[in-house]
Amino acid sequence: MWAFLRHPLIVALVGIIITGLLVPYFARRWQNQQKALEVRVGLVTDMSECAMGLIARVQGVLRLTRDSHLSEEQQGKPPDELRAARKRLRAAREAFEVREAVVGTKLEVYFVDSDIPSRWDTLARELADLADLEGLEDPVGEAEHRAALRDDLLLDGLLDRKAVLIKDVLRAPWVFPTSWVPWRR
């Protein structure tokens, strides 16, 4: 019954099928998965650079505000270093707006049926609100209001939510645009 498989023509046909169809199929699939991983890593890198650049500026202003609190009470105005840090924060906030929009667009393209793009938008909006809040010069009577808002925004876990969002980007099913086939990790 299996004697026909020994015929050289059958062996050649099986070899052609394996090398002509199966090998390219698995090679293409592996390449697509590698490309998908590269894109995901690029997205995560963009998200982290975008968010952490702004967070670092906010933390710098917070540190200088805390360090110069006694100085402000004595002089009645913030020191020049704090004003310069707030100015740099406002510039970083403007750059953040462009970068977060680019990241948001990429997320919308790659995660079509997911809540990841909207979660990124929410996180970016909260980061921008925090930067706007810390970038302001201290008007009289606003310090307590700013402290309460800062605690709500900062202690509410912005960094934790960013970390969870990044993990979800790495785990979530998505549509790879070159094939429109859902690729899972």
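Students often check this: by mean Cβ neighbours within 10 Å, which of 110-122, 19-31 ranks highest, and how do the rest follow?
On the way: 110-122: 16.8, 19-31: 10.5.
Ranking, from highest mean packing down: 110-122, 19-31.
Taking a ≥ b ≥ c as the square roots of the eigenvalues of the Cα gyration tensor, the range 1-127 is prolate, since a/c reaches 1.5 or more and a/b is larger than b/c.
Would you mind calculating the gained length between LEU170 and ILE16 on full extension (0.36 nm times residue separation, minus the Cα-Cα distance), in nm to one decimal? List each step's numbers first, then the result.
Values: separation 154, 0.36 × 154 = 55.44 nm, distance 3.76 nm.
Value of the extension gain: 51.7 nm.
Which of the three applies to the range 1-61, rounded, prolate or oblate, going by the alpha-carbon gyration tensor with a ≥ b ≥ c and a/c under 1.5 meaning rounded? It would help to have the intermediate numbers written out before the result.
Numbers: a/c = 12.71, a/b = 7.48, b/c = 1.70.
Note, shape of the range 1-61 comes out prolate.
Working from label points 7 Å from Cα in the Cα-to-Cβ sense, the TRP30 to GLU49 distance is 3.0 nm.
Every number here is computed from the coordinates shown, using simple stated rules; none is lab data. None of the values given here were measured: they were computed from a predicted structure. Heads up, the Cβs are rebuilt from the backbone with ideal geometry, glycines too, and the neighbour counts pull from every protein chain shown.
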